[in-house]
Amino acid sequence: MTVAMNVQSGFNEKDRRALVMANDRSFSKVKDSGAYLVAEDPDEEADNFQEFWDIAVYLLASRRSSDSVIRTLQKRNKKMKEFQQLDYETLQEIKDLAFRYIDTVKKFDDSEEETVRHIPYFEKEGRLYLTCISRDDRYSYAHLQDGKVVFSTEETDPSGILTVPPELPIHQDRGTTSYIVGIPLTDLLEKAELLSPDELFTRMRDHLYRYLDASERDYELFVYYALYSWYFQKCNTTPYIRFIGDTGKGKSRFLKVISNLCFYPIRASGASSISGIMRFKERWMGTLQIDESDLRGDQSDKLIKYLNLGFERENYLLLTDKNELSKVHLFDPFGPKIIAMRQPFLDTATEGRCLSFSPDETTRKDIPPELPARYAEEVAELRALIARFTLEHWSEISEDSMLSCSGKGIEGRLKQMARPLSVILTLFPDGQERFTEYLNARQKEIKRTRAESSEGMMFNYVLSLAQGEENLMVDPEFGKYYYEGKIQVVSSKMVATALRCSFKTVNRTLGGIGMVSEQKRVQTATGQKNIRAILVPNRKKWVEIMQRYYYDESGEEFFECPECLRGPEYQTRQSGFADNRFNSESCKSTEEISGTVLSAGEEGFDDTISHKTSE
């Protein structure tokens, strides 16, 4: 029975309007409708206002913030035809009516009373409420009040509904608590001091150094990622960290030590069922940790789909209840993830969501082969310090505070990966400087790695021939391609002979990065001839190839394409150049060019930011 049928008085005009929107449906029916609609494309024949209201009720009842509800409605609104779209004020009205309906149900209808919610964390009135646990397994919410951390066993969420912390699972046989989610300890959080950003950074970096063997740049990224994970709900995208390597390389150590500092790390092995992973992640909405997983499936694999959708906010996964086919379950895969695996993903989209590291066996004698007994307490103390820091600075972080990385010659994929991490750097006095320094260093590492790839080595060999650094003038077969001491063309046979591979491999590899094999008329010692040559079709493609595959330790970033590699339609623009290199203005235009869509041959390598670390 609905609220409208049970109660005939005690409502104001807005209450009555909200109840009318339910159209004699129960609260659960309204939510089920909203759950179904949010995962489906809009129906052109349907009542937009009614559909949007059902969705808003579902989202608010599912602990979504008001801003998140509005974002979801706006995203759906854009899919409608222009004449069907609702204005912002109408969307706000829909959200307010949905909130009023939920509030009215709670106040006036006992038959519609909802089960107490179990929410791990939420924001209310600009404050963050975090679940924490005592050493005797009592759960409570922690939040700041007048600059102090206070605890409560229950709260009302932003929708005014009673909320209590979820509980960790009890082992089915032993009857003991399974601590498979890293939750701050109440006693440590209560006495945790508030550290400055630099002090916290140093504490976290030193902890990582004690147990991991990595480069200083890697320690820096790991600290930023761990801190970012506590604020990931402030962003619309989230990159993943992936450790890849053979057994015994230390990737599991990296995975555990780093994820233990992240927000609510959820431990799952690659052998876990996808349904179990999704349900547990939905309950805690923390950092998913997947160890020893050979996730080599393509885009049709369920877990691959889950990972691909989880990169961006509000990409829900809709599954039918096998026991009740009319009922659907929604899962939100959004959130940070740390993965250890032996082989790359077959799906290039998944590869493109990963900051990838390849650990090596360590030679450091001070790193213990096994984590010592004191490790758990060290993690608990550090986690409490991070939680205290997060509670203090929660309201200062927003997606609008992401730092700028435009005009620095940074390619698009790195920007997309790094920008969410930059929100944490806004808390550092020298945050922009740190971010710029990090991006430039990471870009160099990426370019160095690409230059060492099969594509990069082949391109750089072609370039060495074109520039005369590799001279074949005395070669009995290739000397004829020189005229007045300069090479006139670079052929596939030259490259295939030097690198001991087939013509097909050369053409396929260089074609994948944008070069072509075409006839070119050139001057030789015996006259003009048409010769099949390796060419760059246009200057735009040259800029793109140089941005991606050329690396020089001296720091030289760019020079014009050698004449012997220019295709018939290649044209040189002199504007934007000085001394044959980019000036500051041309760097910006080059960056825009490098962000263009990649050719098909580049997929599978360039979408992964990869370099070597140690352990």
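How many residues are open to solvent by 50 Å² or more (accessible area, probe 1.4 Å), within 27 Å of residue 130 (Cβ to Cβ) and either of a type in the set (A, V, I, L, M, F, W, C) or part of a helix (DSSP H, G or I) (or both) when one looks only at segment 407-433?
1
Just to be sure, is residue 378 among the acidic types (Asp, Glu), surrounded by 14 or more Cβ atoms within 10 Å (Cβ to Cβ) and touching a residue at least 24 places away in the same chain (Cβ under 8 Å)?
Details: among the acidic types (Asp, Glu): yes; surrounded by 14 or more Cβ atoms within 10 Å (Cβ to Cβ): yes; touching a residue at least 24 places away in the same chain (Cβ under 8 Å): yes.
In short, yes.
Okay, residues lined up against (1) more than 14 Å from residue 335 (Cα to Cα); (2) over 17 Å from the mean Cα position of the chain (by Cα); (3) open to solvent by 10 Å² or more (accessible area, probe 1.4 Å):
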residue: 237; (1), (2), (3): no, no, yes
residue: 240; (1), (2), (3): no, no, no
residue: 245; (1), (2), (3): yes, yes, yes
residue: 250; (1), (2), (3): yes, yes, yes
residue: 256; (1), (2), (3): yes, yes, yes
residue: 276; (1), (2), (3): yes, yes, yes
residue: 284; (1), (2), (3): no, yes, no
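Please tell me if residue 299 is open to solvent by 20 Å² or more (accessible area, probe 1.4 Å) and either at pLDDT 90 or above or out of contact with any helix residue (DSSP H, G or I) (no Cβ under 9 Å at 6 or more places or on another chain) (or both).
no
Could you list all residues from segment 338-352 that are outside any strand (DSSP E or B) and either touching a helix residue (DSSP H, G or I) at 6+ places or on another chain (Cβ under 7 Å) or at positive phi (or both)? Let's see the steps before the verdict.
Taking segment 338-352 first, the residues outside any strand (DSSP E or B) are 342-352.
Answer for segment 338-352, where residues must be outside any strand (DSSP E or B) and either touching a helix residue (DSSP H, G or I) at 6+ places or on another chain (Cβ under 7 Å) or at positive phi (or both): 344, 345, 347, 349, 350, 352.
Determine which member of the set 456, 431 is modelled with pLDDT under 90, more than 25 Å from residue 547 (Cα to Cα), within 39 Å of the chain's Cα centre (by Cα) and of a type in the set (Gly, Ala, Ser).
Numbers: 456 fails: more than 25 Å from residue 547 (Cα to Cα).
Only one candidate qualifies: 431.
Go through the residues of segment 397-406 one by one and say whether even a single one is part of a helix (DSSP H, G or I) and surrounded by 13 or more Cβ atoms within 10 Å (Cβ to Cβ). Step through it out loud before you land on a result.
Of all residues in segment 397-406, those part of a helix (DSSP H, G or I) come to 399-401.
Now narrow it down to the ones that are surrounded by 13 or more Cβ atoms within 10 Å (Cβ to Cβ): 399, 401.
Yes, there is a match, as at least one residue in segment 397-406 is part of a helix (DSSP H, G or I) and surrounded by 13 or more Cβ atoms within 10 Å (Cβ to Cβ).
I need a count of the residues in segment 149-197 that are part of a loop (DSSP other than H, G, I, E, B) and of a type in the set (D, E, K, R).
So in segment 149-197, the residues part of a loop (DSSP other than H, G, I, E, B) come out as 153-154, 157-161, 165-169, 171-176, 178-180, 182-184, 192-196.
With the extra rule that they be of a type in the set (D, E, K, R), the set shrinks to 154, 157, 167, 173-174, 193.
Total satisfying the criteria: 6.
A quick yes/no check of all residues on (1) over 30 Å from residue 217 (Cα atoms); (2) open to solvent by less than 20 Å² (accessible area, probe 1.4 Å):
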position: 435; (1), (2): no, yes
position: 439; (1), (2): no, yes
position: 447; (1), (2): no, yes
position: 462; (1), (2): yes, yes
position: 468; (1), (2): yes, no
position: 478; (1), (2): yes, yes
position: 486; (1), (2): yes, no
position: 507; (1), (2): yes, no
position: 514; (1), (2): yes, yes
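Can you tell me which condition residue 86 does not meet? The list is (1) open to solvent by 30 Å² or more (accessible area, probe 1.4 Å); (2) of a type in the set (A, V, I, L, M, F, W, C); (3) at pLDDT 85 or above; (4) part of a helix (DSSP H, G or I), and all the others hold.
(4)
Only one of (1) assigned to a loop (DSSP other than H, G, I, E, B); (2) buried (at least 22 other Cβ atoms within 10 Å of the Cβ) is not met by residue 387, so which one is it?
(1)
Checking residue 136 against (1) touching a residue at least 60 places away in the same chain (Cβ under 8 Å); (2) of a type in the set (D, E, K, R); (3) open to solvent by 50 Å² or more (accessible area, probe 1.4 Å), only one condition comes out false. Which one?
The number of the failed condition is (1).
Quick check, is residue 67 within 26 Å of the chain's Cα centre (by Cα), acidic (Asp, Glu) and at pLDDT below 85? Before you say what the answer is, go through the steps one by one.
Details: within 26 Å of the chain's Cα centre (by Cα): yes; acidic (Asp, Glu): yes; at pLDDT below 85: yes.
In short, yes.
Here's the yes/no breakdown for (1) at pLDDT 95 or above; (2) open to solvent by less than 50 Å² (accessible area, probe 1.4 Å); (3) over 24 Å from residue 398 (Cβ atoms):
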| position | (1), (2), (3) |
| --- | --- |
| 112 | no, yes, yes |
| 121 | yes, yes, no |
| 164 | no, yes, yes |
| 182 | yes, yes, yes |
| 187 | yes, no, yes |
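The values are calculated or read from the model by the stated rules, or taken from the named source; none is laboratory data. All figures in this text were calculated on a predicted structure; none of them were measured in a lab. Neighbour counts run over all protein chains shown; Cβ positions are idealised from the backbone, glycine included. The accessibility values were calculated without ligands, DNA or RNA, using every heavy atom of the protein model including side chains. Shrake-Rupley method; radii C 1.70, N 1.55, O 1.52, S 1.80 Å.
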